[in-house]
Amino acid sequence: MLALPDRLVNDVGLPLHRWRTGDAYASPERLRAHLERTGGRPVDPAPPRVVRRWLEIDLTHRDGWPVYEARPLGARPETTIVYVHGGGYVHEIERWHWYVIGQLVREVPARCVVPIYPLAPAATAAEVVPRMAGLVAELVTESGGPTVVVGDSAGAGLAVAASFAMRDQGLPQPSRLVLLSPFLDVTMSDERGAAVAPKDKMLRRPGLREAGRLYAGSLALEDVSVSPVNGDFRGLPPLTIFTGTHDVLDCDSQRCAQLGREAGVEVDLHEVRGAPHAFAVLPTRQGAAARREIVAVCRRETTAR
């Protein structure tokens with residue numbers, strides 16, 4: 001049985017969030033209407049004030065993208081983390097992402113680079129994936145130490161697609177990919193997701209597929225830049241995957257783990273019974289346990305060098 005804080009978030013907090021956003025993922029029409037309403041009021045991607053008190057944070061620009069760099073106060077750690085935020089490719093980074101970033105920076109400790117990549121429908125995979133690949137490769141070369149890419153939901157899908165591009169171009173790869181509830185197949189064709197859908201209090205499949213269509217642009221939904229579950233996983237870095245059984249995208253994690261192992265990639269899959277989508281960033285016991293493990297994974301990459 002879930003602890004009370006977890007039940008409150010799962011059964012009250014997530015449905016309330018869905019209601020406040022007008023159940024944007026309920027249908028393609030609702031998602032497009034939501035994006036039209038919010039397009040004139042873009043979310044400020046800057047970290048919340050409380051996070052700024054914890055860390056040293058600088059804002060720079062790389063290849064035209066705003067990029068935040070966060071470090072522990074008064075320290076220059078060996079490990080670099082690249083955090084690729086989720087949001088269905090159509091929503092901006094949120095404060096919960098920043099709280100996770102703050103925890104990683106302080107507890108690993110690590111320098112964390114946070115790209116504010118452009119969103120669909122204004123930007124599509126054909127533009128975003130190669131630029132993310134180039135940015136991560138630059139950071140791997142610059143860091144001089146281990147570089148871990150942590151991505152959640154759509155950000156995890158972008159991280160895998162970028163890793164494919166880096167491999168195919170002969171660019172240096174990160175030490176590890178940490179994927180939190182990855183969104184890897186925008187076709188939403190795996191019927192295991194349909195079976196889980198009634199249990200998912202955050203996401204709905206029709207709107208997710210529309211978000212993927214907007215992100216795909218001129219590319220096919222099955223293109224590996226859009227749906228990296230269709231890619232060749234040979235030569236990818238080790239994968240650590242976190243997923244919950246009450247997540248419509250749990251099937252993506254399962255398929256990713258299978259494909260990685262078949263390709264000879266080291267895979268560490270953490271499936272948590274009853275956990276919702278993106279639970280690793282939520283203020284629950286399930287989320288706290290996942291974050292402790294992510295910190296441990298990043299620390300192991302440091303000591304392995």
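The values are calculated or read from the model by the stated rules, or taken from the named source; none is laboratory data. Computed from a predicted model, the values in this text were never measured in an experiment. So basically every Cβ, Gly included, is an ideal-geometry build from the backbone, and we count neighbours across all protein chains shown.
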Test for Glu69: is it surrounded by 15 or more Cβ atoms within 10 Å (Cβ to Cβ), modelled with pLDDT of 90 or more, within 22 Å of the chain's Cα centre (by Cα) and not basic (Lys, Arg)
yes
Only one residue in Val148, Val178, Val196 is of a type in the set (Val, Ile, Thr), in a helix (DSSP H, G or I) and touching a helix residue (DSSP H, G or I) at 6+ places or on another chain (Cβ under 8 Å). Which one?
Val196
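Does region 95-115 include one or more residues that are in a helix (DSSP H, G or I), more than 19 Å from the chain's Cα centre (by Cα) and more than 20 Å from Val186 (Cα to Cα)?
yes
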Selected residue (only one of Ser175, Ser163, Ser153 is buried (at least 19 other Cβ atoms within 10 Å of the Cβ) and within 10 Å of the chain's Cα centre (by Cα)):
Ser153
Here the residues within region 262-286 that are part of a helix (DSSP H, G or I) and without any contact (Cβ under 8 Å) to a residue 60 or more places away in the chain are Glu262
Every listed condition ((1) within 23 Å of Leu171 (Cα to Cα); (2) in contact (Cβ under 8 Å) with a residue 40 or more places away in the chain; (3) surrounded by 15 or more Cβ atoms within 10 Å (Cβ to Cβ)) holds for Leu259 save (2)
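Yes or no, residue by residue, for (1) at pLDDT 95 or above; (2) not in a helix (DSSP H, G or I):
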{"site": "Pro182", "(1), (2)": "yes, yes"}
{"site": "Ser189", "(1), (2)": "no, yes"}
{"site": "Leu203", "(1), (2)": "no, yes"}
{"site": "Leu214", "(1), (2)": "yes, no"}
{"site": "Ala220", "(1), (2)": "yes, yes"}
{"site": "Ser225", "(1), (2)": "yes, yes"}
Inspect all residues belonging to region 130-141 and state whether any of them is without any contact (Cβ under 8 Å) to a residue 12 or more places away in the chain, more than 22 Å from Val267 (Cβ to Cβ) and of a type in the set (Asp, Glu).
no
Considering only region 25-74, how many residues are touching a Leu at 6+ places or on another chain (Cβ under 6 Å), over 14 Å from Val90 (Cβ atoms) and either of a type in the set (A, V, I, L, M) or not in a strand (DSSP E or B) (or both)?
1
Test Ala125 against the stated conditions and say whether it is surrounded by fewer than 24 Cβ atoms within 10 Å (Cβ to Cβ), more than 17 Å from Val281 (Cβ to Cβ), among the aliphatic types (A, V, I, L, M) and over 13 Å from the mean Cα position of the chain (by Cα).
no
Filtering region 128-144 down to residues that are crowded, with 16+ Cβ neighbours inside 10 Å and either of a type outside the set (A, V, I, L, M, F, W, C) or farther than 22 Å from Gly170 by Cα (or both) yields Pro130, Arg131, Gly134, Ser143
